[in-house]
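Peer 1: Structure below; questions to follow.
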Amino acid sequence: MTRVTKDMLIGDMLKIDITIAAILMAEGMHCVGCPASQGETLEEASFVHGMDVDELVTEINDYLEKKEAQQKEIEAATEE
């Protein structure tokens, strides 16, 4: 399973799954599309925006886990 960490660059996270941007934006990190943000770590960006990076990492990883589980369910259903 793909997991994000607080020391990952925002740009690398978005390469893993672009829909992570929606989570970041919903939490108040509206600069996700800014070129400068692509080179920041999640921890750096969280600090600037006054966010708890550990809570954000948990939220993103929970989302990725659920998305992966749903994808596996869909694949299993189409194989039947």
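Peer 1: For n ≥ 4 DSSP H runs only, could you compute -39500 (n - 2.57) per run for the chain, divide by its residues and tell me the 222 nm figure to the nearest 500?
Peer 2: One gets -18500 deg cm²/dmol as the mean residue ellipticity at 222 nm.
Peer 1: So, with +1 on the Cβ of K and R and -1 on the Cβ of D and E, and no other charges, what is the size of the charge dipole of the chain about its Cα centre, to the nearest 20 debye?
Peer 2: Roughly 240 debye for the chain.
Peer 1: Can I get the semi-axes of the chain's equivalent ellipsoid? Compute them from the C-alpha gyration tensor as square roots of 5 times the eigenvalues, in angstrom, largest first.
Peer 2: Over the Cα atoms of the chain, the semi-axes work out to 27, 12, 10 Å.
Peer 1: Can you tell me the 0 to 90 degree angle between the C-alpha axis of helix 53-79 and the longest principal axis of the chain, rounded to 10?
Peer 2: The answer is roughly 20 degrees.
Peer 1: Another question about this same structure. Please compute the length gained on full extension between residue 67 and residue 18, using 0.36 nm multiplied by the number of residues separating them and subtracting their Cα-Cα distance.
Peer 2: Gain on extension, residue 67 to residue 18, equals 16.4 nm.
We did not get these values from a lab; they are worked out from the coordinates using the rules stated. None of these values were measured; they are calculated from a predicted model. In this analysis, Cβ positions are derived from the backbone assuming ideal geometry, glycine residues included, and neighbour counts consider all displayed protein chains.
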